[in-house]
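Have a look at the structure that comes next, please.
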Amino acid sequence: MTDGEERLKGILEKIKVSGRLDSESLKDLPYLEKDLVQTLYNEGLIEESISLLSNLNTDKELQSIKKKLIDCKTSVIPLWKSVLKYAAIFIGVFASIYYLQLKEVPETKFQVAEDYIRLKMGDDRMQFINQNETQEIISASGEIIGRQEGSNIHYLADTRINELIFNELQIPNGKVFNLELSDGTIVNLNSGTKIRYPVKFLKGKKREVFIDGEAFFDVTKDKEHPFIVNTDDVAITVLGTKFNVSSYKEDSEITTVLVEGSVNITDMVDMEHNLVLKPGMKGSWNKSKKSINMDKVDTKLYTGWIRGELIFKNSIFSKMAKTLERKYNVSIENKNKYLAKKVLTANFNTNIESIEEVLKVISEIHPFNYIIKDKHILILAKNENL
């Protein structure tokens, strides 16, 4: 076995042990091999691949695989097709030899590493995004439609696409991400957020996106093409403005805070039930009561997350805990009923303070004991000790 094959086997074995695919495992691999490992991982073929690599002991078998991979890589086709075909042939050869050898390898299910952002393409391809890397976003037809650089994706306005094709970004807990749509609209995406949007907005059509989570929109003005943000219960319509939308499924309200311009919030069931916001106002849709209320607010309290700030003002701890879970990618189990009802005002910064430092500050205000194990935090009942 060559050094390259030994390296590939070693990486696959690390993934098998950890049950995760993370950026550290792939950092030393060439671009094509990264995609190959991701494909094997997604197809649940990690164990099978290790077994077959261990049993490929004839030059004939190895040369057969290499020839097919080289033929594939030199084909004159778009890069993404080359990568997929390369990976598919590799898997196919593995599967054939696996079948002939009649080996039974126990099936293992893996979890995708939490530090990956997921980009679901219009043709259902799943692309994993590492915020430390740069890559092109390529359509099913092989056309470059955008580019990812670190924590940003920028979609091109001059592509040949002439039909509505939607992509979907899923931001895991503990991460934030920035998206620039084809019309120049900037969307800052908070932790635990999913957004579905057209790869390209079409002339004569409304600009519509769909969101579950929280995002700040800086919408490019276009009077002929209204911009609409859809949540489960309400639609927010604008022409060009800056506003924040929070629509997490676990929250009791969907809130829209307007920083600049004007927006119209409409009940998706009763279209005549709507509310027009002015700058500095917050519109709140109560999911259970099916009602919309409007309040004047300090917009900085609702947009500080873009800068890593966590600003709590007269917030009940049980609600604060949900925000901390999303921002720090942890789970919080609170057995202290006294603490759950406490109302707190506090400021933190996720770029500076760890979750343990946040808990320490809160416990100095309202004493409580807690245990941190991996990413799980257990807050003990009032009379319990460590």
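Looking at Thr255, Thr237, Thr241, which one is open to solvent by less than 70 Å² (accessible area, probe 1.4 Å) and under 30 Å from Tyr338 (Cα atoms)?
Among Thr255, Thr237, Thr241, only Thr255 is open to solvent by less than 70 Å² (accessible area, probe 1.4 Å) and under 30 Å from Tyr338 (Cα atoms).
Only one of these conditions is not met by Thr193: (1) closer than 28 Å to Glu309 by Cβ; (2) surrounded by fewer than 20 Cβ atoms within 10 Å (Cβ to Cβ); (3) polar (S, T, N, Q). Which number is it?
Just one mismatch for Thr193, condition (2).
Got at least one residue in segment 153-170 being under 15 Å from the mean Cα position of the chain (by Cα), open to solvent by less than 30 Å² (accessible area, probe 1.4 Å) and farther than 16 Å from Tyr197 by Cβ?
The answer is no; no qualifying residue exists.
Now for a different question. Considering every residue within segment 201-214, establish whether at least one is in a loop (DSSP other than H, G, I, E, B), of a type in the set (A, V, I, L, M) and surrounded by fewer than 16 Cβ atoms within 10 Å (Cβ to Cβ).
Looking through segment 201-214, at least one residue is in a loop (DSSP other than H, G, I, E, B), of a type in the set (A, V, I, L, M) and surrounded by fewer than 16 Cβ atoms within 10 Å (Cβ to Cβ).
Can I ask one more? List the number of the failed condition for Leu310; all other conditions in (1) crowded, with 17+ Cβ neighbours inside 10 Å; (2) among the hydrophobic types (A, V, I, L, M, F, W, C); (3) part of a strand (DSSP E or B); (4) touching a Leu at 6+ places or on another chain (Cβ under 7 Å) hold.
Just one mismatch for Leu310, condition (4).
Does segment 249-263 hold any residues that are within 21 Å of Asp212 (Cβ to Cβ), out of contact with any helix residue (DSSP H, G or I) (no Cβ under 6 Å at 6 or more places or on another chain) and without any contact (Cβ under 8 Å) to a residue 60 or more places away in the chain, and which are they?
Lys249, Ser252, Glu253, Ile254, Thr255, Thr256, Leu258, Val263
Give the residues of segment 250-274 that are within 18 Å of Lys289 (Cβ to Cβ) and in a strand (DSSP E or B), sorted by residue number.
Glu253, Ile254, Thr255, Thr256, Ile265, Thr266, Asp267, Asn274
Could you grab me the full set of residues in segment 332-369 that are assigned to a strand (DSSP E or B) and either open to solvent by 50 Å² or more (accessible area, probe 1.4 Å) or on the phi > 0 side of the Ramachandran plot (or both)? Walk me through it before giving the result.
Restricting attention to segment 332-369, the residues satisfying the condition of being assigned to a strand (DSSP E or B) are 332-334, 343-349.
Scanning segment 332-369 gives Glu333, Asn334, Val343, Thr345, Asn347.
Given (1) touching a Gly at 6+ places or on another chain (Cβ under 8 Å); (2) hydrophobic (A, V, I, L, M, F, W, C); (3) crowded, with 18+ Cβ neighbours inside 10 Å; (4) touching a residue at least 24 places away in the same chain (Cβ under 8 Å), where does Trp305 come up short, assuming only one miss?
With (1) touching a Gly at 6+ places or on another chain (Cβ under 8 Å); (2) hydrophobic (A, V, I, L, M, F, W, C); (3) crowded, with 18+ Cβ neighbours inside 10 Å; (4) touching a residue at least 24 places away in the same chain (Cβ under 8 Å) applied to Trp305, the lone miss is (1).
Which number in (1) in contact (Cβ under 8 Å) with a residue 40 or more places away in the chain; (2) open to solvent by 70 Å² or more (accessible area, probe 1.4 Å) marks the one condition that Val297 misses?
In the conditions (1) in contact (Cβ under 8 Å) with a residue 40 or more places away in the chain; (2) open to solvent by 70 Å² or more (accessible area, probe 1.4 Å), Val297 misses (2) alone.
The values are calculated or read from the model by the stated rules, or taken from the named source; none is laboratory data. From a predicted model like this one, the values you see are computed outputs, not experimental measurements. Glycine also receives a Cβ, built like all others from the backbone with ideal geometry; neighbour counts cover every protein chain displayed. Side chains are part of the model used for accessible areas, which takes the heavy atoms of the whole protein and leaves out ligands, DNA and RNA. Shrake-Rupley method; radii C 1.70, N 1.55, O 1.52, S 1.80 Å.
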